[in-house]
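> The following block contains the structure, expressed as structure tokens.
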Amino acid sequence: MAHSHDDHSGHNHVWADDLTKNQGLVLGALAHSDGPLSAYDILDKLRGDGLRAPLQVYRALDKLVERGLAHRLESLNAFVACADEHCHRSGLIAFAICEGCGKVDEFADAVIEERLGDWAGQKDFKVERTTMEIRGRCGACVAA
Ligand SMILES: [Zn+2]
Ligand SMILES: [Zn+2]
């Protein structure tokens, strides 16, 4: 069965079976959202599910980010579900953020990663994670 990364509604997202209830709820909210969500957006969506305190959301987000199931977009102070259920990346993660519609595309690029790796090697810099955020307009917004 073909599956698109844009389809977050199906059963094809069994990211991990050992999530806590709150982690599952938070990841579900992210996966069903069209764009990045702040912790407060998530809290708003999950009030009906029994989440009341921002701390509950932050704790769940911390774990999800740590495991690579969700990513934090620093420039937006918001979160997205990982677009690739097999990625759980520790290397370079890049995001193209559309300022028109808010869409975020996650991708990886082996060439950039290799370049950064060479640079880090020369500088004896130990890279723990690399997140690139590219701001601009997506194809659909440029065409509109
Ligand atoms: Zn990812
Ligand atoms: Zn757009």
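> Could you check the stretch 102-117 and list, in sequence order, the residues that are more than 16 Å from ligand 1 (Cβ to nearest atom) and either among the acidic types (D, E) or surrounded by 11 or more Cβ atoms within 10 Å (Cβ to Cβ) (or both)?
Applying the first criterion (more than 16 Å from ligand 1 (Cβ to nearest atom)) to the stretch 102-117 yields 102, 111, 114-117.
Hits for the stretch 102-117 are G102, E114, R115, L116, G117.
> Please find, among A140, A120, A94, the residue that is within 15 Å of ligand 1 (Cβ to nearest atom) and either open to solvent by less than 90 Å² (accessible area, probe 1.4 Å) or of a type in the set (V, I, T) (or both). Outline the logic, then answer.
On the way: A140 fails: within 15 Å of ligand 1 (Cβ to nearest atom); A120 fails: within 15 Å of ligand 1 (Cβ to nearest atom).
Going through A140, A120, A94 in turn, the sole match is A94.
> Quick check on my filter: what residues within the stretch 124-144 are assigned to a loop (DSSP other than H, G, I, E, B) and either closer than 20 Å to R72 by Cα or within 16 Å of ligand 2 (Cβ to nearest atom) (or both)? Can you show your working first?
Let us first name the residues in the stretch 124-144 that are assigned to a loop (DSSP other than H, G, I, E, B), namely 124-129, 137-138, 144.
Scanning the stretch 124-144 gives V127, E128, R129, R137, C138, A144.
> Checking E99 against (1) among the charged types (D, E, K, R); (2) within 16 Å of ligand 2 (Cβ to nearest atom); (3) buried (at least 16 other Cβ atoms within 10 Å of the Cβ): exactly one of these is not met. Which one?
With respect to (1) among the charged types (D, E, K, R); (2) within 16 Å of ligand 2 (Cβ to nearest atom); (3) buried (at least 16 other Cβ atoms within 10 Å of the Cβ), E99 is out only on (3).
> Here are some residues: A60, A53, A94, A143. Which one is in contact with a helix residue (DSSP H, G or I) (Cβ under 9 Å, 6 or more places away or on another chain), modelled with pLDDT of 95 or more and small (G, A, S)? Break it down into steps so the answer makes sense when it comes.
Values: A53 fails: modelled with pLDDT of 95 or more; A94 fails: modelled with pLDDT of 95 or more; A143 fails: in contact with a helix residue (DSSP H, G or I) (Cβ under 9 Å, 6 or more places away or on another chain).
Selected residue: A60, the only one of A60, A53, A94, A143 that is in contact with a helix residue (DSSP H, G or I) (Cβ under 9 Å, 6 or more places away or on another chain), modelled with pLDDT of 95 or more and small (G, A, S).
> Considering each residue of the stretch 108-140, count those that are modelled with pLDDT of 90 or more and within 17 Å of the chain's Cα centre (by Cα), and give that number.
Number of matching residues: 4.
> Pull out all pairs, ordered by first then second residue, where Cβ-Cβ is under 8 Å, the residues are six or more apart or on different chains, the first lies in the stretch 57-79 and is in contact (Cβ under 8 Å) with a residue 60 or more places away in the chain, and the second is open to solvent by 90 Å² or more (accessible area, probe 1.4 Å) and more than 15 Å from ligand 1 (Cβ to nearest atom).
That search, which allows pairs on different chains as well, returns S75/R135.
The values are calculated or read from the model by the stated rules, or taken from the named source; none is laboratory data. Keep in mind it's a predicted model, so treat the numbers as computed, not measured. So basically every Cβ, Gly included, is an ideal-geometry build from the backbone, and we count neighbours across all protein chains shown. For the accessible areas, the whole protein counts, side chains as well, though only heavy atoms, and no ligand, DNA or RNA atoms are used. Shrake-Rupley method; radii C 1.70, N 1.55, O 1.52, S 1.80 Å.
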